[in-house]
Amino acid sequence: MFDLKAGFLGGSTAVLIRKAVEAYQPTLQKNVCCGEEMTVIHNTESFPYIYGNQECIIHVTDIPMWKCQQCGEVEEDVTLMAAVEESTDQVFESLLNSGDKIPEEMHLSFDEMLEKREPEQQVVNG
Ligand SMILES: [Zn+2]
């Protein structure tokens, strides 16, 4: 069984996510569609990976996004989503390299990504 925490949540992945979250402002903001304030919701985003003739879909749950209170339009934070996608790429790579059977689907929690801290010797300054 693939050890998600050991395989994925170390090194550059945690750095990426943390940088994106530092830039993310979880506050109400004016929205581009109709000017109403937006509220923060948590959504799931799915990332499909094709390998050989098979597919693995990684679902990332609880990703913070903005939703317009007026018309319901949902807006993603581009930087945050890029970091999430990069992280799921790394998860999938770890799966491939692990030699374990790759599941057709797996779920990751955004919060879980955030809470991880890498070992101190891997922290790079600058
Ligand atoms: Zn709107």
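Laboratory data are not the source of any read-out in this text; all were calculated from the coordinates shown. Note that the coordinates shown come from a computational prediction; the quantities given were computed from them, not determined experimentally. Reconstructed Cβ throughout: ideal geometry from the backbone, glycine too, with neighbour counts over all protein chains shown.
Observations, loosely collected:
- Amide H contacts for residue 75 (H built 1.01 Å from N in the peptide plane; partners 5 or more residues away or on another chain; cut-off under 5 Å): 66, 67, 68.
- Calculated from backbone phi, Karplus (6.51, -1.76, 1.60) coupling profile of the stretch 106-113 in Hz, x at Gly/Pro: 8, 10, 10, 9, 4, 4, 5, 4
- Net charge contributed by nearby residues that have their C-beta within less than 12 Å of residue 59 (K/R +1, D/E -1): -4
- The peptide list 78-89, 61-72, 98-109, put in order of mean Cβ contacts within 10 Å with the highest first, becomes 78-89, 61-72, 98-109.
- Distant-in-sequence amide H partners of residue 59 (H built 1.01 Å from N, under 5 Å): 47, 106, 107, 108
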